[in-house]
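Here is the structure we will look at.
The values are calculated or read from the model by the stated rules, or taken from the named source; none is laboratory data. Keep in mind that what you see is a predicted model, and the values were worked out from it rather than measured. Because the Cβ atoms are built from the backbone with ideal geometry, glycine has one as well, and the counts that use them run over all protein chains shown. Only protein heavy atoms, including side chains, enter the accessible area calculation; ligands, DNA and RNA are left aside. Shrake-Rupley method; radii C 1.70, N 1.55, O 1.52, S 1.80 Å.
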Amino acid sequence: ATARNASFGVLWLGPANHLFWGRTVGLERWFPGTSWANVFKRVVVDQATLMPLNMALFLAWPALWARDLQKAREDVEGSFIDSVSFALCVWPVVHPFSFRYVPLEHRLLVLNACSLVTFSFATFVKGSQPCDDDVCD
């Protein structure tokens with residue numbers, strides 16, 4: 001299970017966040033600088049798009065790894081609201097600070113540390129669901 005979750009970070013979360021939060025094609029290009037107006041635009045865009053996508057994919061990842069689309073759907077439906085609700089308590093506090101004060105070259109480190117907390121909670125929520133097959137092990 002640990003290797004499966006690590007693969008999520010290596011194959012999806014790291015590359016997606018690097019592109020989405022970066023200067024080349026992401027939020028830094030769309031809303032450059034550290035003005036509060038652009039900082040809050042980045043927070044809103046991230047919370048409305050990438051955060052729910054990342055959470056849904058994370059919750060579905062083990063079942064997708066096992067090629068069980070029905071189980072992936074059930075996992076997302078069973079844990080999405082609680083996991084996203086928690087993430088919405090974390091990211092709107094972390095993002096303004098990081099987008100405004102942390103230099104871009106160090107920002108991924110800060111955001112990845114917070115992602116660890118957020119996805120650990122999602123793992124806890126998902127782990128509290130009943131499981132009767134080998135996808136949950």
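Some points to look at:
- Residue pairs meeting the criteria (Cβ under 7 Å; at least 6 apart or on separate chains; first free of Cβ contacts under 8 Å to residues at least 24 places away in the same chain, in the range 61-83; second open to solvent by less than 60 Å² (accessible area, probe 1.4 Å)): Leu64/Ala72; Ala72/Ala60; Ala72/Ala63; Val76/Ala56; Val76/Leu59; Val76/Ala60
- Per-region count, the range 94-107, residues among the small types (Gly, Ala, Ser) and loosely packed, with under 14 Cβ neighbours inside 10 Å: 0
- Yes/no for Val43 being touching a residue at least 40 places away in the same chain (Cβ under 8 Å) and among the aliphatic types (A, V, I, L, M): yes
- Qualifying helices (runs of 4 or more DSSP H) (wholly inside the range 20-132; at least 1 residues being of a type in the set (Gly, Ala, Ser) and at pLDDT 95 or above): 36-48, 50-65, 69-101
- Hey, Gln47 open to solvent by 10 Å² or more (accessible area, probe 1.4 Å), closer than 25 Å to Thr24 by Cβ and either touching a Leu at 6+ places or on another chain (Cβ under 7 Å) or polar (S, T, N, Q) (or both) or not: yes
- Of all residues in the range 57-93, exactly one satisfies the criterion of being open to solvent by 90 Å² or more (accessible area, probe 1.4 Å) and either within 17 Å of Asn112 (Cβ to Cβ) or within 12 Å of the chain's Cα centre (by Cα) (or both), namely Val93.
- Gly22 being farther than 13 Å from Lys126 by Cβ, of a type outside the set (Ser, Thr, Tyr) and either surrounded by fewer than 15 Cβ atoms within 10 Å (Cβ to Cβ) or within 13 Å of the chain's Cα centre (by Cα) (or both): no
Per-residue answers, yes or no, for (1) under 21 Å from Thr2 (Cβ atoms); (2) touching a helix residue (DSSP H, G or I) at 6+ places or on another chain (Cβ under 9 Å):
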residue	(1), (2)
Leu57	yes, yes
Lys71	yes, yes
Ile81	no, no
Val110	no, yes
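- Count of the range 1-19 residues which are farther than 12 Å from Leu64 by Cβ, assigned to a helix (DSSP H, G or I) and open to solvent by 40 Å² or more (accessible area, probe 1.4 Å): 8
- Criterion violated by Asn54 - all others in (1) closer than 17 Å to Leu116 by Cα; (2) open to solvent by 20 Å² or more (accessible area, probe 1.4 Å); (3) of a type in the set (S, T, N, Q) satisfied: (2)
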